[in-house]
Each structure stands twice: as structure tokens, then as C-alpha cells.
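The values are calculated or read from the model by the stated rules, or taken from the named source; none is laboratory data. No experiment lies behind these values; they were computed from the predicted model shown. FYI the Cβ positions are ideal-geometry reconstructions off the backbone, even for glycines, and counts take in every protein chain you see.
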Amino acid sequence: MIGRNGIFIEPDVEFIDNYRKAGESANCAGNDECGYTRRPELTQAYARRLTEPRLNGHTYILYGEPLTHAECARHMNRAFDADPHYRPMSVEDCRADRVAELGDFIGSVIAGIYRSSRDGALDNPSDFTTAAGRLTLQSRTGSADMALARRRRPFAFLSGSPISLDRHMIGPNIWPDYGR
């Protein structure tokens, strides 16, 4: 099974304090919709491949219902009692902003991901239900809850229980441990 995921929601959740300080979440994604995904949900879909041979040899798009970045910001604000708004920016400004904060390589990668979203590359029908055998947490509980459950049960996704993030259990600097 080959999976194509959307934008990981965890970095946005972990960056919430930075958005609060800035009063906004700004990028070049514009108003196009993007499929968000969570690492534990991808893990479940890939783990299912081990027990379902019929999934082999196929490519699946693995994310929840697409959202605009403005919608994602509203959901994050409700989930974390915050008020930053979403501000679209040009690709050039987004890249310059991300490079200044994250360095040339990662900054360019992040700006490219948002540009892909703006260009519609991350707005496709999801195959998550087929691959994982269940709806995404976002689809089951509504977009506003996609980042609310606790990390205290790190392997709950194996039993199909939702996992998500707690703002009190994560730090604001996402890059040193991004690959966990």
C-alpha cells in the first residue's frame, strides 16, 4: 500500500502559542481546501496493511475531510481557546517568512507544501476509510475536535480509539522533534 497524506495537523497544534503571539496564522495556501492528517491515523492505516493483503499494490489518499486554512484556524481557536485569524500571503512572502524562521531547506519545504495546497494538490477525495477500515477522527467527531483527545494513551490508535493532542503536553518549538 502506498499512502499520500495531506498536511500534518500536529505542527499547527504545536505552534499554537506562536500563532497567539502573532495574532494570526499566515501562509500562502489561500482559500483552497486541504486534507489534514494525523500521524496516529496514518499509523493505523499502514498497520492495517499488515493484516489486509488486499490493500497491497494500491495508492491511497489518507486524510480527513478537506478544510480551508481559515476553517482550520477557527477549529484550532475553539479547541485551544485562542483567537488568531488566518491571513493569506503571497508564495514569495511565505517562503521568505518560513526561511527566516526555519532556515533555507525546511522553510522552502514548508512554503512549498502551502503552495501545493493553494494550487489544489491537497484537495482530493480521501481513501482513508478504505485503507484504515474506519472514518478519521475528524469525520467521526467533527473538525473542531480533530486535535483534542490526549496523548496520554500513545498506542490507543491500535485499538481504534482516537488520539490527539493536548496543548499542555506539547512545546511550542516543533522542529527538533518533528520526526517522532
Here are some conditions: (1) buried (at least 18 other Cβ atoms within 10 Å of the Cβ); (2) among the hydrophobic types (A, V, I, L, M, F, W, C); (3) under 30 Å from residue 1 (Cβ atoms); (4) out of contact with any strand residue (DSSP E or B) (no Cβ under 7 Å at 6 or more places or on another chain). Residue 109 meets all but one. Which one does it not meet? (1)
I need the full set of residues from region 86-102 which are more than 20 Å from residue 21 (Cβ to Cβ) and more than 20 Å from the chain's Cα centre (by Cα), in order please. 90, 92
Would you check which residues across region 17-35 are assigned to a helix (DSSP H, G or I) and crowded, with 19+ Cβ neighbours inside 10 Å and list them? 19
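Assess whether residue 134 counts as being surrounded by fewer than 16 Cβ atoms within 10 Å (Cβ to Cβ) and either without any contact (Cβ under 8 Å) to a residue 60 or more places away in the chain or part of a loop (DSSP other than H, G, I, E, B) (or both).
Considered against the rule, which asks whether it is surrounded by fewer than 16 Cβ atoms within 10 Å (Cβ to Cβ) and either without any contact (Cβ under 8 Å) to a residue 60 or more places away in the chain or part of a loop (DSSP other than H, G, I, E, B) (or both), residue 134 comes out as yes.
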Among the residues of region 100-131, write down those that are in contact with a Phe, Trp or Tyr (Cβ under 9 Å, 6 or more places away or on another chain), among the aliphatic types (A, V, I, L, M) and closer than 30 Å to residue 53 by Cα. 122, 131
Looking at this structure, is residue 46 over 16 Å from the mean Cα position of the chain (by Cα) and part of a strand (DSSP E or B)? no
Would you check if residue 93 is part of a helix (DSSP H, G or I), over 30 Å from residue 134 (Cβ atoms), in contact with a strand residue (DSSP E or B) (Cβ under 8 Å, 6 or more places away or on another chain) and of a type outside the set (Gly, Ala, Ser)? no
For region 112-125, how many residues meet the condition of being over 14 Å from the mean Cα position of the chain (by Cα) and either surrounded by fewer than 16 Cβ atoms within 10 Å (Cβ to Cβ) or not in a helix (DSSP H, G or I) (or both)? 6
I'm trying to understand the selection: among the residues of region 47-93, which are surrounded by fewer than 18 Cβ atoms within 10 Å (Cβ to Cβ), basic (Lys, Arg) and modelled with pLDDT under 85? 78
All positions within region 41-71 that are touching a residue at least 60 places away in the same chain (Cβ under 8 Å) and touching a Cys at 6+ places or on another chain (Cβ under 8 Å): 66, 67
